[in-house]
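The values are calculated or read from the model by the stated rules, or taken from the named source; none is laboratory data. Remember, predicted model here, so these are calculated numbers, not experimental data. Don't worry about glycine lacking a Cβ; one is built from the backbone with ideal geometry, like all the others, and counts go over all protein chains shown. Only protein heavy atoms, including side chains, enter the accessible area calculation; ligands, DNA and RNA are left aside. Shrake-Rupley method; radii C 1.70, N 1.55, O 1.52, S 1.80 Å.
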Amino acid sequence: MEKKKVVGFSFGRKMSNTEVMIKEALLVCEKAGMEIQFLRCDDLNIHICTGCCSCVAGLMMGKGRGHCIHKDDDFHIIEEALMSADGVIVGSPTYEFAPTGNFKVVCDRIGPAHDKTFRGPAIEQGIAQGKAPESYPDPRSTKPRVGALITVGGARTENWLSLSLPNMYEFTFPMGIDVVDKYKYFGAMNIDHVLGRPDVMERMAKLGQNIVDALQAETEEERTRYRGDDKGVCPVCHESILTVGYDGNKVECPVCGIEGTLELADGEIQVTFSEEQQNRSRLRDAGKWEHSNEIRDGAMTQKKVENLKELKIKYLGVGEA
């Protein structure tokens, strides 16, 4: 039987907290007989996404592999690591409320170009038409994967990391990677390295074991079961961040994009998400199809602005040095 492979993606400094925490989890995976790989993403030259949409347009028209127009950077290293992975462990420091800028750059490049609901149909079409494999997306794009998320912040107050883990789902949701664990290490300023925190390192070993258990699961329910400590308010992403402001008592999970209801019962806040809403989470296939079909409809029926080139003239060079 082919070995399962777990890849660690770090957006932290060399041998600093984030990197060592990921590697502790990877060592557990290796001990369990799995192949491991580690990438220090900040060592790679990754161009920003320009939003040109050529990757997605090609996929929708059944042309190409969903590759980016950028050909002269190192994104192919990240892409191949993702394609080869059965499990991923992704870690980023928190410098200002959220993951690093480089983390966001990589997520934008993964984005719709690697979304399973775009790549899947293109792969099926390519196979059905007997095309050469190099002419359609990598068939590994849609295989089941599991993942874990880690963030590290110096602040002693947990809420200074409030937007970190929610944003880190940007890395996993396009390819439908099932997040089975996550960990938020705050108060890192209290000691000069996480290696002085045995409790945190033990938790990282547990995170690695959770990845192993998920990859060795015999049923789909067990493979995707969330194993983290904090179950959160949302039953899908297990985050506790909510958007409030809809009609009446409606709230929304900004990670999943699903609507719930908020009630006060015996002085305690209770939030409920129906099964129907949970199933349309953007972390699940139904929610992903809902969004990709929306993009398909918009891209294919987009209204063109007449005389657009002439209308833009007024704005050329405004405020530019």
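Per the Kirkwood treatment, what hydrodynamic radius in Å, one decimal, follows for segment 192-321 from the mean inverse distance over all distinct Cα pairs?
Computed over Cα pairs of segment 192-321, the Kirkwood hydrodynamic radius comes out at 19.5 Å.
With label points built 7 Å along Cα→Cβ from the Cα atoms of Asp285 and Ala128, find their separation and express it in nm.
1.6
Would you kindly calculate the translational diffusion coefficient of segment 93-225, applying Stokes-Einstein with the Kirkwood radius from alpha carbon pairs, for 25 °C and a viscosity of 0.890 mPa s, and quote it in µm² s⁻¹ without decimals?
Estimated via Stokes-Einstein, D reaches 145 µm²/s.
Compute the separation of the alpha-carbon centres of segment 139-207 and segment 63-111 and state it in Å as a whole number.
16
Spin-label point model (7 Å from Cα, Cβ direction): what's the His70 to Glu202 distance in nm?
4.2
Of all accessible surface on segment 187-236 at a 1.4 Å probe, what whole percent is carbon and sulfur?
Answer for segment 187-236: carbon and sulfur cover 48 percent of the accessible area.
With a 10 Å cut-off between alpha carbons and a GNM built on the chain, which of Cys49, Cys237, Cys256 moves the most?
Of Cys49, Cys237, Cys256, the most mobile in the Gaussian network model is Cys49.
Remind me, relative contact order of the chain in percent, using alpha carbon pairs under 8 angstrom and six or more residues apart?
Details: 541 pairs, mean separation 49.4, N = 321.
Taking the mean separation of contacting Cα pairs over the length of the chain, I get 15 percent.
When only DSSP loop residues count, what chymotrypsin sites (Phe, Trp or Tyr not before Pro) in segment 95-165 have their Cβ near at most 16 other Cβ atoms within 10 Å?
For chymotrypsin sites (Phe, Trp or Tyr not before Pro) across segment 95-165 that sit outside H, G, I, E and B with at most 16 neighbouring Cβ atoms in 10 Å, the list reads Tyr95, Phe97.
Say we join alpha carbon atoms closer than 10 Å with springs in a Gaussian network model of the chain; which of Glu124, Glu80, Glu220 then has the biggest fluctuation?
Residue with maximal mean-square fluctuation among Glu124, Glu80, Glu220: Glu220.
Kirkwood Rh and Cα-based Rg: tell me the resulting Rg over Rh for the chain, rounded to two decimals. Mind dumping the intermediate values first?
Working: Rg = 21.1 Å, Rh = 21.3 Å.
That ratio is 0.99, to two decimals.
How high is the FRET efficiency between Glu2 and Val305 when r is their beta carbon distance and R₀ equals 51 Å, given to the nearest 0.05?
The calculated FRET efficiency here is 0.45.
Between Asp43 and Ile77, 0.36 nm times their residue separation minus their Cα-Cα distance comes to what? Could you put the intermediate results ahead of the total?
Numbers: separation 34, 0.36 × 34 = 12.24 nm, distance 1.12 nm.
Extra length from Asp43 to Ile77 when fully extended: 11.1 nm.
On average over all directions, what projected area in square nanometres does segment 62-166 have, based on the convex hull of its Cα atoms?
Over every viewing direction, the Cα hull of segment 62-166 projects on average to 7.6 nm².
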